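S.K.: Sending over a structure as C-alpha cells; questions will come in a sec.
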Amino acid sequence: MTKSLSDRITESRRLLQNPYAYLNDFGGYSAFSDHDQPATQSEITKSRLLLGDPYAHLDESGDFEALSNSSHTRDDVFSDAPQGTTPKYIPLEINTPKKDRYSNIEIEQHAISLQRRMWHDRSQIWADATPSNPIDILDPTIALKLMGYNVDVYETLGQFYIDGKLIEVAGTIDKSSKQVHISRRFPFNIRSFTAAHELGHALLHESSGLHRDKPLDGAIISRNSVEIEADKFATFFLMPQKLVQAAFRRIFLTERFFLNEETAFALGLGDYDSLNNKTKILRQLAKLIASAEQYNGVHFTSLANYFRVSTDAMAIRLDELELLSI
C-alpha cells in the first residue's frame, strides 16, 4: 500500500533525526520550502539556479546522471530506527588491490570508482527502493554490506585515556570476521563519517582490528597514516568534489565566496564588521558557510546537513576545494 505524504514525512523524520523537515514534489528531500519561491521573473530565474536539480549537468565526466530526488530511507547507522527499515538490496562483488601507502589522488579515485559502481548498479543493489538522487548513493553502510560486512550499532564501544584526554571509540572494523561496529554515542553525521572511515579501511587496508577514536571534548588527537587515509576516503566518498561544487554554486551563486558587506547581509547572520571579527581565519568562515541555512532571503538545508556530515567535516572540504576567500 502506498504511504501518504504525511506518513512518509513522519517516517523520514524518525529515521533521519529530521535533518530534512519536508519532502519535495518528487517525493524526495528538499533543501528549500515552497513558500520561499519568489514571484518576479528575475527572482524566478534566480530560484531556478537555486532550486533546480543540482545534478542536472554533472554527467559530462561520467560521474552521475541528471535525475531528480528520491525517497530512499537511510540505514540504522544514520538513525535510531529499529532494524528492518532499510531497503532490500543484492550484494555485489567489490574488491580492490591493497598497497602500503596511497596518495590522495589514488584514494579519491577509489572513492569515485565505488560511487560509479553503486550508481550504475543501483537498481540491482536497492531493488524496489532504487534511489534517483546521487546523494542517496553515498551510503557507506550499504557499501560495507555489499562487501560482505555486517554493520552493527552499539551504545558504546569503550573509552580510554591518551595524554590525559578521555577518548571515545567511534567505530571498529575486524576484517577477518567482516564486522564493523559503530558507536551510538555520536550524532548521525558523525556515525556517517565513521562508517565511511571504516569503509575506507575495508577497501584500502589489509590490517584488522582498526578503530576510529574521537575525543569527548572535541580535542584533536594525532593519527597514523592508515587512519588519515581512511579519513580522506570518507571525505571523498561522502562529499564528492563535483556534487559539493554544484551545491555550493546553487546556494551562493558563485564559484568562490568572499565575505563583504553584501554577502554578510545576504547571510542574515549579522553585520559585516561582526562577522568579519568572527572569521579572522579561513576555517572559521568555512564553518559559518557550512552551517548557513539562508542566503539572499532563501532558506535551505545547510551544506553540512545536505551531505550528512558534521559542520567541521564540511568546513574542511570547502577549504580543500578553495571555495572560500577572506
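The values are calculated or read from the model by the stated rules, or taken from the named source; none is laboratory data. Bear in mind that the values here come from a model prediction, so they are computed numbers and not experimental data. For neighbour counting, all protein chains shown are included, and Cβ atoms are generated from backbone atoms with ideal geometry for every residue, glycine included.
S.K.: Quick check on region 186-236: of everything there that is among the small types (G, A, S) and at pLDDT below 75, which residue is nearest to I105 (Cα to Cα)?
M.R.: In this case the residue turns out to be S222.
Residue-wise test of (1) farther than 30 Å from A202 by Cα; (2) free of Cβ contacts under 8 Å to residues at least 12 places away in the same chain; (3) of a type in the set (G, A, S).
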| site | (1), (2), (3) |
| --- | --- |
| D231 | no, no, no |
| F236 | no, no, no |
| F265 | yes, yes, no |
| T301 | yes, no, no |
| D319 | no, no, no |
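S.K.: Let me ask another. Checking the structure you have, find out if any residue of region 205-224 is part of a helix (DSSP H, G or I) and of a type outside the set (D, E, K, R).
M.R.: Within region 205-224 (the criterion being part of a helix (DSSP H, G or I) and of a type outside the set (D, E, K, R)), the answer is no, since none of the residues qualifies.
S.K.: K145 is checked against (1) buried (at least 21 other Cβ atoms within 10 Å of the Cβ); (2) closer than 21 Å to E108 by Cα; (3) in contact with a strand residue (DSSP E or B) (Cβ under 7 Å, 6 or more places away or on another chain) and fails just one. What number does that condition carry?
M.R.: Tallying (1) buried (at least 21 other Cβ atoms within 10 Å of the Cβ); (2) closer than 21 Å to E108 by Cα; (3) in contact with a strand residue (DSSP E or B) (Cβ under 7 Å, 6 or more places away or on another chain), K145 fails exactly one: (1).
S.K.: Sticking with this structure for a sec: With respect to the numbered conditions (1) over 22 Å from the mean Cα position of the chain (by Cα); (2) in the same structural domain as H110 (by TED's automatic domain parsing), which one is the sole condition not fulfilled by A264?
M.R.: (2)
S.K.: Could you pull out the residue among N277, N305 that is of a type outside the set (V, I, T) and exposed (fewer than 14 other Cβ atoms within 10 Å of the Cβ)?
M.R.: Step by step, each of N277, N305 is checked, and only N277 is of a type outside the set (V, I, T) and exposed (fewer than 14 other Cβ atoms within 10 Å of the Cβ).
S.K.: Here is a further query. Evaluate region 149-169: report whether one residue or more is over 28 Å from I289 (Cβ atoms) and within 19 Å of the chain's Cα centre (by Cα).
M.R.: yes
S.K.: Only one of P134, P140 is at pLDDT 95 or above and either touching a Gly at 6+ places or on another chain (Cβ under 6 Å) or surrounded by 14 or more Cβ atoms within 10 Å (Cβ to Cβ) (or both); which?
M.R.: P140
S.K.: How about region 114-198: which strands (runs of 3 or more DSSP E) wholly inside it have at least 2 residues that are polar (S, T, N, Q)?
M.R.: Output list reads 179-183.
S.K.: Another question about this same structure. Restricting the search to region 268-303, which residues are in contact with a strand residue (DSSP E or B) (Cβ under 7 Å, 6 or more places away or on another chain) and under 18 Å from L323 (Cα atoms)?
M.R.: L282, L285, A286, I289, E293
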